[in-house]
Amino acid sequence: MSEPHVTLDPSGLDPVQEKLRGPLEDQLTSALQAAADRVRASYAGEPVEEVCRRLLDETRSGLHPDIAAGFQPDMDEFCRVAVAIVRGEVG
């Protein structure tokens, strides 16, 4: 699997968020990639559901609190990243 990436759905963004979409996607992607690296490095055989939860927690911890509070990722996509970590496909 290639490095995880966050893409925001433009139909769900208000005008201010739309103007900031590129930098916001970059910040979210950076937080997700750092989280994936940390979770992968500490992975010790946990089930995918646990890895997915840790991935979300670690991603949010890498964001400004206001951004983290509003970040509602596609959990199916997050779980795909978690599956890749479990399979050793990330990193």
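Observations on the structure shown:
- Extreme residue, modelled with the lowest pLDDT, among residues of segment 4-23 that are within 16 Å of Asp74 (Cα to Cα) and surrounded by 11 or more Cβ atoms within 10 Å (Cβ to Cβ): Leu13
- All positions within segment 1-51 that are part of a helix (DSSP H, G or I), of a type in the set (S, T, N, Q) and within 15 Å of the chain's Cα centre (by Cα): Gln27, Thr29, Ser30, Gln33
- Subset tally (residues that are in a helix (DSSP H, G or I) and either in contact with a Leu (Cβ under 6 Å, 6 or more places away or on another chain) or free of Cβ contacts under 8 Å to residues at least 24 places away in the same chain (or both)) for segment 62-76: 7
- Top-ranked residue in segment 36-91 [being under 21 Å from Gln17 (Cα atoms) and hydroxyl-bearing (Ser, Thr, Tyr); ranked as surrounded by the most Cβ atoms within 10 Å (Cβ to Cβ)]: Thr59
The values are calculated or read from the model by the stated rules, or taken from the named source; none is laboratory data. What you are looking at is a predicted structure, and each value in this text was computed from that prediction instead of being measured. Reconstructed Cβ throughout: ideal geometry from the backbone, glycine too, with neighbour counts over all protein chains shown.
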